[in-house]
Every structure is written in C-alpha cells, then in structure tokens.
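Q: Let me begin by handing over the structure; questions about it come next.
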Amino acid sequence: MKFFIYTIIALAVVLIGYNISILDFNNLLDGESGKASAAILASTCVIVLMAILLMSRTIAKKQKQE
C-alpha cells in the first residue's frame with residue numbers, strides 16, 4: 001500500500017509539472033490556463049490527502065505496537 005501511495009504522489013507531481021508548462025501567466029483563469037490551474041489545485045489536494053493517509057497509517061502502526 002505504501003508503494004501505491006508514493007506512486008500516486010509521484011504522478012501528481014508530474015501532473016503539476018506538466019500543467020505548469022501549459023499555464024499562461026497573463027490569463028491564469030482563461031481557456032486552457034483555467035483547466036491547468038484547476039488540475040494543479042486538484043493535484044495539490046491529492047498530495048495533501050496522500051500525506052495525511054501516510055501519517056495516519058504511521059500513527060495506527062505505532063498505536064498497535066503499544
């Protein structure tokens with residue numbers, strides 16, 4: 001499961017990098033830049049959620065050991 005979470009995080013980082021290359025910094029919310037901005041936001045949310053999942057699994061393992 002840990003490998004799967006790290007894979008999702010890596011894919012989200014790659015997606016952020018790709019969408020940054022699409023952005024038009026003069027019009028961030030128009031046309032393709034709007035879609036890229038939304039995808040960057042969604043990918044950032046995925047990274048945060050996966051980090052929370054990793055932390056919660058670590059805490060659960062520590063509680064089981066006690």
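Derivation of every value follows stated rules applied to the coordinates shown; laboratory data play no part. The shown structure was predicted, so the numbers you read here are calculated from the model rather than taken from an experiment. Cβ coordinates were reconstructed from backbone atoms using ideal geometry, including for glycine residues, and neighbour counts include every protein chain displayed.
Q: Suppose we filter Leu49, Leu54 for residues that are surrounded by 13 or more Cβ atoms within 10 Å (Cβ to Cβ), in contact (Cβ under 8 Å) with a residue 12 or more places away in the chain and out of contact with any strand residue (DSSP E or B) (no Cβ under 9 Å at 6 or more places or on another chain); which single one remains?
A: Values: Leu49 fails: in contact (Cβ under 8 Å) with a residue 12 or more places away in the chain.
Only one candidate passes the filter, namely Leu54.
Q: Across region 1-32, what is the number of residues that are assigned to a loop (DSSP other than H, G, I, E, B) and either free of Cβ contacts under 8 Å to residues at least 40 places away in the same chain or acidic (Asp, Glu) (or both)? Quick ask: steps written out before the conclusion?
A: Step one: filter region 1-32 for residues assigned to a loop (DSSP other than H, G, I, E, B), giving 1, 23-30.
If we keep only those that are either free of Cβ contacts under 8 Å to residues at least 40 places away in the same chain or acidic (Asp, Glu) (or both) as well, we get 23-30.
Here the count works out to 8.
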